[in-house]
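These notes concern the structure reproduced below.
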Amino acid sequence: MSDTMTDFDPFADLSDDELDAMIEAGEFPGAMDAPALCADVPEGFRSGFVALVGRPNAGKSTLLNACYGEKVAITSPVAQTTRRRLRAVVNREDCQLVIVDTPGIHKPKDGLGSELNKSALGELSDVDVIAFVIDASAPIGRGDAWVAERVAAAKAPKVLVLTKADLASPEEMLKQLEAARALVEFDDEIVVSSTEGFNVEAFVDVVANYLPEGPRWFPEGMGTDEADEVMVAEFVREKVLRHTREEIPHAVGVMCDEFERPKRDLLRLHATVYVEREGQKGIIVGKGGEMIKRIGVEARRDLERMFGCRVFLGLDVKVKPHWREDAREIRRFGYAADDE
Ligand SMILES: Nc1nc2c(ncn2[C@@H]2O[C@H](COP(=O)(O)OP(=O)(O)OP(=O)(O)O)[C@@H](O)[C@H]2O)c(=O)[nH]1
Ligand SMILES: [Mg+2]
């Protein structure tokens, strides 16, 4: 029997009469509880959900991308880059991980910040394994301790992931490991560098050890749970984060308001970049529109790679005062925790 899900039919050996008899006797399982189509996996196969949690900027989304093998989560040096939970299905021969990237957990300063925290903390009780991601190159401080308190209260096994190993010396790493071990009682630990590809596969293996044995729940081509329109908005927002600083990255919200495929190999997209003040709009538009043009070119490049076709991307910049304090606006942008 093959180990792919596509040609596995658990009822193939039954005659029509036998199938009818099963249905009459109520023994024929429904679609949801049928032996999973992907049940034909090697013995000892493990599968389940793994949450990446940690302080903002720890390197969670970069680790998700490294495991997935393609960029699906946006990343930047700005804290609170991730505003929505993102699930990506990572397939290996002996396991299937649904890796859940979460917003950095922090002391919230506004309505948006509270939603981001809620979204991340909500995952702690919903997953099979918690990977607590800590930056090896930044001192462990109150921020990590705050996350640690929440992680400690969760029941799932906990794996310490010390990342950005390429930025720390072996001595610094050892000190950091010691400090991290004091935060929570971990079941396991691993040092990785997502940008260098160091120990990424080892991370997958370590985490998989703590997953229950089970089938491949999702088809291998499953990808992520994010809608295409959201991906467009997020990739545009990433470019804004990478080219602006101080308060601007935090004041930006992006919405994709047009997603059309006039031809098979062409996408016509439009997104609006919202900021809170006129001055911020001026910076994002830039002198003679230079900045917004650059944002558009870079976002288009990523989107063409992701969707595998040509992309026309139109962008507008608009002002929406105080949207970060407005629960309705936060929800409209898709940044509300219970909206996910
Ligand atoms: N040198 C190095 N840089 C890394 C590594 N992992 C992440 N980074 C960088 O660290 C910054 C933050 O990474 P993200 O993955 O966006 O961090 P995050 O934890 O998802 O942050 P939030 O979404 O804000 O919570 C980015 O500039 C990354 O390029 C690594 O292993 N090595
Ligand atoms: Mg992130």
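Quick look at the values:
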| item | result |
| --- | --- |
| The chain - charge dipole about Cα centre, Lys and Arg +1 at Cβ, Asp and Glu -1, debye rounded to 20 | 2840 |
| Local electrostatic count, residue 196, Cβ distance below 14 Å [Lys/Arg +1, Asp/Glu -1] | -1 |
| Backbone HN-Hα couplings from phi across segment 323-329 [Karplus 6.51/-1.76/1.60, Hz, Gly and Pro as x] | 5, 5, 9, 10, 4, 5, 5 |
| Peptides 46-56, 162-172 ordered by average Cβ neighbours within 10 Å, highest first | 46-56, 162-172 |
| Pairs of lysines in segment 228-333 (C-alpha under 23 Å apart; 8 or more residues apart or interchain) | 12 |
| Nearby aspartates and glutamates by direct alpha-carbon distance to residue 109 (threshold 14 angstrom, same-chain neighbours under 8 apart not counted) | 247, 325, 326 |
| Percentage of interatomic Cα-Cα distances in segment 152-215 larger than 19 Å | 38 |
| Radius 13 Å from Cβ of residue 156, net charge of other residues (Lys, Arg +1; Asp, Glu -1) | -3 |
| Only Lys, Arg (+1) and Asp, Glu (-1) charged, at Cβ; segment 228-333 dipole about Cα centre in debye | 300 |
| 5 angstrom amide H check on residue 47, placed H, neighbours 5+ away | 96, 214 |
| Built amide H within the under 5 Å cut-off of residue 55, gap 5+ | 105 |
| Structure-based [θ]222 nm, the chain - -39500 (n - 2.57) summed over DSSP H runs of at least 4, per residue, nearest 500 | -10500 deg cm²/dmol |
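Throughout, read-outs are computed from the coordinates displayed, never taken from laboratory work. In this text the structure is predicted, and so the values were computed from the model without any measurement. Every residue, glycine as well, gets a Cβ built from its backbone with ideal geometry; the counts of neighbours run over all protein chains shown.
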